[in-house]
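A quick write-up on the structure given underneath.
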Amino acid sequence: MANSGEILSLYKQDEKAALQKLFDVYYEPLLLYCYRLIRNSESAEDLVQDCFVHIWRSKRLENFEGELDRFMFQAIKFRAINYVRDQCRKDRLYSNISERKEELPAYFQEEEAGKEIELLYRTISRLPDECRKIFLMACLDDMKYREIADVLNVSINTVKTQMKIALRFLRENLTRDTFSSILLFMSTGK
């Protein structure tokens, strides 16, 4: 790989040029590495691109010390591990939901789904105002925690705390399957 010191010193002079060089040098090797780990080319591209976007947004290279090669490959390895873990969870959840649906005739599935949605909305409406607002922004508007914090002019920790409160409340007040459906919806939307 290229001299990491060269990229890091370029970053101090010209951030855009350094990020472009970082991308040019690392994109293909990281893509091949990620593909070897997850065996899905589209998802590998997404993970590698997300990694570069994260580095750019977080300004991670600003005060970086260490081996850039090692850092880049570890970042992809951890993203790949998280991806595989999340895929396994989704697969298990989908199989549980599909097994449950096969047990009921179609009419009862629709009626039951309507009742679950009604219960979900009633339960969400019982959340404290600020908590409900943050939860809906995250779930329905598909906003990231940072975006919610910026819009509401609160700290990101406030958003995280309110989301924990909302999820705990929903977990305690909904059936396991309904709560699992919410988690599935949240994980596929982000």
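The values are calculated or read from the model by the stated rules, or taken from the named source; none is laboratory data. Small disclaimer: the values here were computed from a predicted structure and weren't measured. Cβ coordinates were reconstructed from backbone atoms using ideal geometry, including for glycine residues, and neighbour counts include every protein chain displayed. Heavy atoms of the whole protein, side chains included, go into the accessibility calculation; ligands, DNA and RNA do not. Shrake-Rupley method; radii C 1.70, N 1.55, O 1.52, S 1.80 Å.
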With label points built 7 Å along Cα→Cβ from the Cα atoms of Asp150 and Phe23, find their separation and express it in nm. 1.9
Stretch Ile165-Asp142 to full length: gain in nm at 0.36 nm per residue minus the Cα-Cα span? 6.4 nm
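In Å², what does the accessible area per residue of the stretch 1-77 work out to with a 1.4 Å probe? Display every interim value, and only then the final one.
Numbers: 4920 Å² over 77 residues.
Per-residue accessible area for the stretch 1-77 comes out at 64 Å².
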What accessible area, in Å² to the nearest ten, does a 1.4 Å probe give for Ser43? 20
Assuming a ≥ b ≥ c are the square roots of the Cα gyration tensor eigenvalues, decide whether the stretch 32-81 counts as rounded (a/c under 1.5), prolate (otherwise, with a/b larger than b/c) or oblate. oblate
Under the Kirkwood approximation applied to all pairs of distinct alpha-carbon atoms, what is the hydrodynamic radius of the stretch 1-59 in Å? 12.0
Those trypsin sites (Lys or Arg not before Pro) from the stretch 115-165 that are DSSP loop and have at most 12 other Cβ neighbours within 10 Å turn out to be Arg126
Förster-model FRET efficiency, 41 Å R0, Asp46 and Asn173, C-beta, rounded to 0.05: 0.75
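With a cut-off of at most 10 other beta carbons within 10 Å, and DSSP calling the residue loop, which GluC sites (Glu not before Pro) in the stretch 1-81 qualify? Please list them. Please report the intermediate quantities before stating the final value.
On the way: sites: Glu6, Glu15, Glu42, Glu45, Glu62, Glu65, Glu67; in loops: Glu62, Glu65, Glu67.
Passing both the DSSP loop test and the Cβ count: Glu62, Glu65.
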